[in-house]
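K.L.:
Here's a structure for you.
The values are calculated or read from the model by the stated rules, or taken from the named source; none is laboratory data. On a predicted model such as this, the values are computed, not experimentally measured, just so you know. In this analysis, Cβ positions are derived from the backbone assuming ideal geometry, glycine residues included, and neighbour counts consider all displayed protein chains.
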Amino acid sequence: MRVLHFRQAFSVLTETFIHDTVVEMDRQGVECDVLTLWRPDTPGRPFNRVTLVPLPHRIDPRRVIQKLAAVCLGRDRETFAWPMIRRGIARRLDEMRPDVIHAHFGPDAALIAPAAAARGIPLVATFYGYDFSVRRVLKLHAVGYRRLFERAAAIIGVSRHACDRLIDLGADADRVELVRLGVRLDNLRDESGPGGERPAGRAIRCLHVGRLVPKKSPVELVAAFAEALRIVGGRVALSLTIVGDGPLREETARRAAELGVESRIELTGALPRAEALRRMAGADIHVQHSVTDANGDQEGQPVSLAEAAGMGLPIVSTRHSGIPDIVLDGRTGFLVDEHDVAAMGERIARLALDPERRVEMGAAARTHIAREFSLERETARLIEILERAAAGASGSRYGADREAVACATGGMA
């Protein structure tokens, strides 16, 4: 089976999960190629079977006229260019002739779908988060999504919440599949050591790894940490490291200063993945206060949380989107409601003061991730879906499971 992965930009720094999936699929013996409009120079991304869509040069009169027309007509510049982009995609599909296309993110799938359908190439689309939640995106791609849901052999969500949301948006439940964003467990064991032990009797280190954007709400995370500091008092030395960058970095630092906790918080900015994992290996608690932002944007399934849990870290986070799939409340960590800063601070303090519970929850977290979030297992699941699509078969395990749950609960799936 020859699989063509399509992403408008491959592989940007924040999309390690796509690169990891392509590499693992290739490792499992599937012939993989990537088709993209743009290839950023991201260090540490070794996959090289990447083909660019042929497009006119940036200063080509056709592109200049297209941009001016979009501005003058008040149209979205991205989708206004799609007919031109599709012509380039069609040329590449005629040359490459894959058995099946795997499009990453909903808008990308809507972009390539007509060219795939015209050539009879089955299409599988994976949705990751913003593409099923941001109101502007849903409005902009309403027609494209409707046609995509009609044409695609399978629609994949990365969490139970994502799958249910896609069904709500109009995807046929019989074609919706759940494939989690897996993590490579061997890499995590190498970073955290054979048993994931953390020395006792030292400062308790909280860690957040993620972009500093509204849906991750780092400003509220700082407020929750300040509450945790108030509760623990002088009983333990508590610190917070925030790894990541984004538009809320200055506001996050300013809030820490306003609350008088800036000396206990380190803002590192963006770090290479290997360094972020090293920081995880030295932490005690992973924290993240994800929320639905003002534009409707939601997480899909935060990979950093799965990595932290796989390293044996208990997690304090929110009941948001796919996070409850990763964090089992009261067993592998704690979940609080979105924006409940006081509750989050209390849970952080509770774990900071209870080393035995941290160890117990961390061990349960490692077991849960090994069972449900293995990159090898989830990639094998994805390969099964792609093979069925290439063979023209249908039927969704998620759809069947959801129907069974609905029957068992009187219709409450």
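K.L.:
Test Ala283 against the stated conditions and say whether it is of a type in the set (A, V, I, L, M, F, W, C) and under 15 Å from His208 (Cα atoms).
P.N.:
Considered against the rule, which asks whether it is of a type in the set (A, V, I, L, M, F, W, C) and under 15 Å from His208 (Cα atoms), Ala283 comes out as yes.
K.L.:
OK, next. Can you tell me which residue among Phe105, Phe47, Phe132 is closer than 29 Å to Ala391 by Cβ, surrounded by 13 or more Cβ atoms within 10 Å (Cβ to Cβ) and at pLDDT below 95?
P.N.:
Phe47
K.L.:
Take Leu181 and decide whether it is closer than 18 Å to Pro302 by Cβ, touching a helix residue (DSSP H, G or I) at 6+ places or on another chain (Cβ under 9 Å) and either in a helix (DSSP H, G or I) or modelled with pLDDT of 95 or more (or both).
P.N.:
Yes: the conditions hold for Leu181.
K.L.:
Which pairs turn up if I take residues in the stretch 1-23 that are in contact (Cβ under 8 Å) with a residue 12 or more places away in the chain and part of a loop (DSSP other than H, G, I, E, B) and look for partners that are β-branched (Val, Ile, Thr) and surrounded by fewer than 18 Cβ atoms within 10 Å (Cβ to Cβ) with beta carbon separation below 7 Å, at least 6 apart in sequence or on another chain?
P.N.:
Final answer for the pair search is Phe10/Val50; Ser11/Thr42; Val12/Thr42; Leu13/Thr42.
K.L.:
In this structure, is Pro218 surrounded by fewer than 16 Cβ atoms within 10 Å (Cβ to Cβ), within 22 Å of the chain's Cα centre (by Cα) and at pLDDT 95 or above?
P.N.:
Criteria not met by Pro218.
K.L.:
While we're here: Please give the number of the condition Ala306 fails out of (1) in contact with a helix residue (DSSP H, G or I) (Cβ under 6 Å, 6 or more places away or on another chain); (2) farther than 26 Å from Ile18 by Cβ.
P.N.:
(2)
K.L.:
Report whether or not Pro98 is of a type outside the set (Gly, Ala, Ser), assigned to a loop (DSSP other than H, G, I, E, B) and over 20 Å from the mean Cα position of the chain (by Cα).
P.N.:
For Pro98, the condition - of a type outside the set (Gly, Ala, Ser), assigned to a loop (DSSP other than H, G, I, E, B) and over 20 Å from the mean Cα position of the chain (by Cα) - is met.
K.L.:
How many residues does the stretch 324-344 hold that are touching a residue at least 60 places away in the same chain (Cβ under 8 Å) and buried (at least 24 other Cβ atoms within 10 Å of the Cβ)?
P.N.:
Of the residues in the stretch 324-344, 1 are touching a residue at least 60 places away in the same chain (Cβ under 8 Å) and buried (at least 24 other Cβ atoms within 10 Å of the Cβ).
K.L.:
Test Ser304 against the criterion of being within 12 Å of the chain's Cα centre (by Cα), under 17 Å from Asp340 (Cβ atoms) and of a type outside the set (Asp, Glu), and give yes or no.
P.N.:
No, not satisfied.
K.L.:
Is there a residue in the stretch 264-271 that is surrounded by fewer than 23 Cβ atoms within 10 Å (Cβ to Cβ) and either in contact with a Pro (Cβ under 8 Å, 6 or more places away or on another chain) or in contact (Cβ under 8 Å) with a residue 60 or more places away in the chain (or both)?
P.N.:
Yes - at least one qualifying residue is present in the stretch 264-271.
K.L.:
Do we find that Val179 is within 21 Å of the chain's Cα centre (by Cα) and surrounded by 18 or more Cβ atoms within 10 Å (Cβ to Cβ) in this structure?
P.N.:
yes
K.L.:
Name the residue, out of Leu238, Leu259, that is at pLDDT 95 or above, within 21 Å of Arg347 (Cβ to Cβ), surrounded by fewer than 18 Cβ atoms within 10 Å (Cβ to Cβ) and not small (Gly, Ala, Ser).
P.N.:
Leu259
K.L.:
Looking at the stretch 333-369, which of its residues are over 25 Å from Gln301 (Cβ atoms) and either among the hydrophobic types (A, V, I, L, M, F, W, C) or outside the structural domain of Lys216 (by TED's automatic domain parsing) (or both)?
P.N.:
Once the filter is applied, which keeps residues that are over 25 Å from Gln301 (Cβ atoms) and either among the hydrophobic types (A, V, I, L, M, F, W, C) or outside the structural domain of Lys216 (by TED's automatic domain parsing) (or both), the stretch 333-369 yields Ala342, Ala349, Ala352, Leu353, Val359.
K.L.:
Then there is this: So, in the stretch 150-160, how many residues would count as being out of contact with any Leu (no Cβ under 7 Å at 6 or more places or on another chain) and either surrounded by fewer than 22 Cβ atoms within 10 Å (Cβ to Cβ) or charged (D, E, K, R) (or both)?
P.N.:
1
K.L.:
Sticking with this structure for a sec: Condition check: of a type outside the set (A, V, I, L, M) and free of Cβ contacts under 8 Å to residues at least 60 places away in the same chain. Does Arg279 satisfy that?
P.N.:
Answer is no for this residue.
K.L.:
Could you give every pair whose Cβ atoms fall below 6 Å, whose first residue belongs to the stretch 105-128 and is closer than 24 Å to His161 by Cα, and whose second residue is polar (S, T, N, Q), counting only separations of at least 6 or pairs across chains?
P.N.:
Pairs that qualify, where the first residue is closer than 24 Å to His161 by Cα and the partner is polar (S, T, N, Q), are Asp108/Gln8.
K.L.:
Determine if the stretch 366-387 includes at least one residue that is in contact with a Pro (Cβ under 8 Å, 6 or more places away or on another chain) and part of a helix (DSSP H, G or I).
P.N.:
So far as the stretch 366-387 goes, no, none of its residues is in contact with a Pro (Cβ under 8 Å, 6 or more places away or on another chain) and part of a helix (DSSP H, G or I).
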